[in-house]
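Here the structure is laid out as structure tokens; the discussion comes afterwards.
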Amino acid sequence: MQQTALITGATSGIGKATAQLFAKNNINLIICGRRIEKLQQLKQELSQFTKVHILQFDVRYNDEVKKAINSLPNEFKHIDILINNAGNAHGLDSFQNGNIDDWDAMIDGNVKGLLYVSKAVIPQMVERNNGFILNIGSIAGKDVYPNGNVYCASKFAVNALNKGMRIDLNQHNIRVCAIHPGLVETEFSDVRFKGDTERAKTVYQGYKALQPEDIADIIHFVVTRPYHVNIEDLIVYPTAQASATIVNKNA
């Protein structure tokens, strides 16, 4: 039976690469994001491979999440795979100089957004005693780095929520996994540095960063293991990276 996956943050980066790979492997898609033009473009691209449905909403707002999930047509209501990918980083300031608006954006997107979407999707999985939830974390959820403070805290929360989900959903035969990437070359740094493209580029100079397609390959591998196999926690670095703070930029 053809599976259906819901992917948040599907308009760019890891989410988009995962949608593209899933489509080519005959998985029906519910692609979610805030930017309707990009969602429409992606639907047009992927509809030649599989069935695609768009949901435009912001994960930070529970009412939007519930309304969107409840609006799904019958052929997309059965969600087999949930990819909690939407998230953000804003600013790179010391704790004492932090911007409260940035803090709110990270906590609302990275923590509350994951909670809201999961809460909307999980009941049907519990009812069926079947499903897969994959949460995209970060090495920042394993290792705090200078000026990372609240972003790291939000990703530590993802790590903890992933473990909590796995424990609570064990009795319902639901698989739960988190993937924690190191440096991935996406729009991440553009957002963190508020559109300062030149500063964002320096993050990825001097070495080969992970690409969104690298993480998509791993996601596809994880979700396609036999059902009795659950790869529960993965850290993925580019070869040039040894920890959250150690990167060989002469590699």
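The values are calculated or read from the model by the stated rules, or taken from the named source; none is laboratory data. Bear in mind the structure is a predicted one, so any value in this text is a computation, not a measurement. Glycine gets a Cβ as well: all are built from the backbone with ideal geometry, and neighbour counts include every protein chain shown. Please note that ligands, DNA and RNA were not included when accessible areas were found on the heavy atoms of the full protein model with its side chains. Shrake-Rupley method; radii C 1.70, N 1.55, O 1.52, S 1.80 Å.
I'm trying to understand the selection: among the residues of segment 137-151, which are open to solvent by 10 Å² or more (accessible area, probe 1.4 Å) and closer than 15 Å to residue 165 by Cβ?
none
Please enumerate the residues belonging to segment 203-251 that are more than 22 Å from residue 190 (Cα to Cα) and touching a Leu at 6+ places or on another chain (Cβ under 8 Å).
217, 218, 219, 220, 222, 223
Out of segment 38-54, which residues are touching a Cys at 6+ places or on another chain (Cβ under 9 Å) and open to solvent by 10 Å² or more (accessible area, probe 1.4 Å)?
54
What tally of residues in segment 43-100 results from selecting those that are among the polar types (S, T, N, Q) and under 17 Å from the mean Cα position of the chain (by Cα)?
Here the count works out to 4.
Return the residue satisfying two criteria in turn: it lies in segment 88-107 and is open to solvent by 50 Å² or more (accessible area, probe 1.4 Å) and part of a loop (DSSP other than H, G, I, E, B), and of such residues it is farthest from residue 146 (Cα to Cα).
Among them, the one singled out is 99.
Considering 113, 91, 87, 148, which residue is in contact (Cβ under 8 Å) with a residue 60 or more places away in the chain and touching an Asp or Glu at 6+ places or on another chain (Cβ under 6 Å)?
91
Of these, 43, 51, 16, which one is in contact (Cβ under 8 Å) with a residue 60 or more places away in the chain and either in contact with a Lys or Arg (Cβ under 6 Å, 6 or more places away or on another chain) or of a type in the set (Lys, Arg) (or both)?
Matching residue, one of 43, 51, 16: 16.
Any residue at all in segment 50-64 that is more than 25 Å from residue 178 (Cα to Cα) and modelled with pLDDT under 95?
No: zero hits.
In segment 212-234, what residues are out of contact with any Phe, Trp or Tyr (no Cβ under 9 Å at 6 or more places or on another chain), in contact (Cβ under 8 Å) with a residue 60 or more places away in the chain and under 16 Å from residue 15 (Cβ atoms)?
Residues satisfying the conditions are 212, 213, 215, 217.
Inside segment 18-37, can you point out the residues that are among the aliphatic types (A, V, I, L, M) and either in a strand (DSSP E or B) or buried (at least 24 other Cβ atoms within 10 Å of the Cβ) (or both)?
If the condition is that a residue be among the aliphatic types (A, V, I, L, M) and either in a strand (DSSP E or B) or buried (at least 24 other Cβ atoms within 10 Å of the Cβ) (or both), then 19, 29, 30, 31 are the ones that fit.
Counting only residues that are open to solvent by 70 Å² or more (accessible area, probe 1.4 Å), in contact (Cβ under 8 Å) with a residue 24 or more places away in the chain and of a type in the set (Lys, Arg), how many does segment 164-211 have?
Selection size over segment 164-211: 2.
Hey, residue 237 hits all of (1) among the hydroxyl-bearing types (Ser, Thr, Tyr); (2) under 18 Å from the mean Cα position of the chain (by Cα); (3) under 14 Å from residue 175 (Cβ atoms) but one; which does it fall short on?
Among (1) among the hydroxyl-bearing types (Ser, Thr, Tyr); (2) under 18 Å from the mean Cα position of the chain (by Cα); (3) under 14 Å from residue 175 (Cβ atoms), residue 237 violates only (3).
Tell me, which residue of segment 235-251 that is without any contact (Cβ under 8 Å) to a residue 60 or more places away in the chain and open to solvent by 50 Å² or more (accessible area, probe 1.4 Å) is farthest from residue 163 (Cα to Cα)?
This residue is 250.
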